[in-house]
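Here is the structure we will look at.
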């Protein structure tokens with residue numbers, strides 16, 4: 001008896017070795033759009049011979065999912081059939097057939113936040129987490145990287161910030177792990193942002209947090225201890241599940257998005273998620289400035305032991321560019337304020 005698509009998908013999934021969050025995403029796609037659908041019980045050969053069955057399956061998703069989400073599900077099915085071709089279970093991958101055409105995701109124009117929006121969001125998050133907004137906009141940290149910033153990462157004298165780790169939630173456990181794609185980096189620190197961070201450290205001393213370092217996609221036995229600038233309310237690290245709610249409420253308080261109507265669920269407003277802060281940094285004039293975001297390795301970046309950083313002249317240009325943006329703000333900060341006896 002020929003193997004069904006659902007049965008082969010389970011075998012394929014069992015052999016995957018990937019990032020835990022990626023596996024969770026794949027599991028969600030399979031459970032919602034393969035295992036629970038008629039396509040689950042079809043033989044592997046049926047869609048391979050009749051790609052129209054795949055197109056009908058895609059059409060079924062269009063009433064529920066956005067085009068970008070449909071693309072993710074289709075890509076997963078395509079990977080399954082690609083493996084089946086290699087295993088000689090089927091002769092071709094029907095997802096690649098010319099007649100199979102998933103909807104094209106709309107390309108949304110990225111609109112970076114203005115300085116007024118950054119200031120309003122910082123005020124809405126309060127003195128404990130408000131500086132995170134300026135740090136994300138000024139140095140391009142991702143959300144998990146903001147959670148993982150330690151006092152040792154901020155080089156006030158050298159006017160640099162080292163992005164060495166992020167905080168993640170894997171299998172319900174908090175862990176430290178390298179930044180995305182395993183790339184640590186060093187980015188320029190604008191003067192006004194350095195002043196703001198030093199004041200924050202003086203007013204809210206960093207909290208010592210110990211978490212396991214992720215190993216092979218899972219919490220490992222190696223424990224790492226750092227002093228976090230922005231710890232969670234329970235003395236541990238922040239994580240996305242709780243902070244995302246805080247962020248969404250902050251968006252409403254800042255007037256960036258409207259509050260939900262009575263009886264209506266709060267929307268996610270993904271275009272105004274924490275990632276929008278990186279767009280602000282990347283939009284500042286000066287190509288070398290955007291390159292310091294480390295979305296890819298560019299010629300002006302030097303690399304040692306997997307760390308990327310801007311060359312000195314490029315770093316100065318980047319620092320001045322972001323400094324000019326923040327200079328529109330009247331912070332009232334005039335000098336570094338460092339807690340007595342603390343080495344930074």
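The values are calculated or read from the model by the stated rules, or taken from the named source; none is laboratory data. Please read all numbers here as calculations on a predicted model, not as lab measurements. Neighbour counts are summed over all protein chains in view; Cβ atoms, including those assigned to glycine, are modelled from backbone coordinates with ideal geometry.
Picking from 94, 131, which residue would you name as being out of contact with any strand residue (DSSP E or B) (no Cβ under 8 Å at 6 or more places or on another chain) and closer than 30 Å to residue 48 by Cβ?
The match here is 94.
Residues to consider are 181, 185; find the one that is assigned by TED's automatic domain parsing to the domain that holds residue 123, closer than 27 Å to residue 17 by Cα and in contact with a strand residue (DSSP E or B) (Cβ under 6 Å, 6 or more places away or on another chain).
On inspection, the qualifying residue turns out to be 185.
Out of the residues in region 270-289 that are over 19 Å from residue 240 (Cβ atoms) and assigned to a loop (DSSP other than H, G, I, E, B), state the one that is modelled with the lowest pLDDT.
This residue is 286.
Out of region 87-119, which residues are in contact (Cβ under 8 Å) with a residue 24 or more places away in the chain, part of a helix (DSSP H, G or I) and farther than 13 Å from residue 272 by Cα?
94, 95, 115, 119
I need the full set of residues from region 179-206 which are surrounded by fewer than 18 Cβ atoms within 10 Å (Cβ to Cβ) and without any contact (Cβ under 8 Å) to a residue 60 or more places away in the chain, in order please.
180, 181 - these are the residues of region 179-206 that are surrounded by fewer than 18 Cβ atoms within 10 Å (Cβ to Cβ) and without any contact (Cβ under 8 Å) to a residue 60 or more places away in the chain.
Quick one: which of 213, 247 is touching a residue at least 24 places away in the same chain (Cβ under 8 Å), within 23 Å of the chain's Cα centre (by Cα) and surrounded by fewer than 19 Cβ atoms within 10 Å (Cβ to Cβ)?
Selected residue: 213, the only one of 213, 247 that is touching a residue at least 24 places away in the same chain (Cβ under 8 Å), within 23 Å of the chain's Cα centre (by Cα) and surrounded by fewer than 19 Cβ atoms within 10 Å (Cβ to Cβ).
Taking region 125-135 on its own, how many of its residues are touching a residue at least 40 places away in the same chain (Cβ under 8 Å) and over 22 Å from the mean Cα position of the chain (by Cα)?
1
Whether any residue in region 4-20 is under 30 Å from residue 176 (Cα atoms), part of a helix (DSSP H, G or I) and touching a residue at least 60 places away in the same chain (Cβ under 8 Å) is what I want to check.
Taking every residue of region 4-20 in turn, at least one turns out to be under 30 Å from residue 176 (Cα atoms), part of a helix (DSSP H, G or I) and touching a residue at least 60 places away in the same chain (Cβ under 8 Å).
I'm told residue 101 meets every condition in (1) more than 25 Å from the chain's Cα centre (by Cα); (2) buried (at least 20 other Cβ atoms within 10 Å of the Cβ) except one. Can you identify the failing condition by its number?
The single condition residue 101 does not satisfy is (2).
In the list 200, 162, 204, which residue meets the criterion of being in contact with a helix residue (DSSP H, G or I) (Cβ under 7 Å, 6 or more places away or on another chain) and more than 21 Å from residue 280 (Cβ to Cβ)?
204
So which pairs qualify, if the first residue must be in region 138-152 and at pLDDT below 95, the second must be surrounded by 22 or more Cβ atoms within 10 Å (Cβ to Cβ) and in a loop (DSSP other than H, G, I, E, B), the Cβ gap must be under 6 Å, and the two must be at least 6 apart or on different chains?
138/190
Considering each of 320, 267, 313, 262 in turn, give the residue that is in a loop (DSSP other than H, G, I, E, B) and modelled with pLDDT under 85.
None of the other options fit; the residue is 267.
For residue 23, are the conditions met, namely being surrounded by fewer than 17 Cβ atoms within 10 Å (Cβ to Cβ) and either assigned to a helix (DSSP H, G or I) or at negative phi (or both)?
Answer is yes for this residue.
Among the residues of region 29-48, count how many are part of a helix (DSSP H, G or I) and exposed (fewer than 13 other Cβ atoms within 10 Å of the Cβ). Steps first, please.
Just the residues of region 29-48 that are part of a helix (DSSP H, G or I), to begin with: 29-33, 38-41, 45-48.
Going one step further and asking which of them are exposed (fewer than 13 other Cβ atoms within 10 Å of the Cβ), we end up with 31, 38, 41.
Qualifying residue count for the region: 3.
Would it be correct to say that residue 141 is in contact with a helix residue (DSSP H, G or I) (Cβ under 7 Å, 6 or more places away or on another chain), outside any helix (DSSP H, G or I) and either surrounded by fewer than 22 Cβ atoms within 10 Å (Cβ to Cβ) or not assigned by TED's automatic domain parsing to the domain that holds residue 321 (or both)?
no
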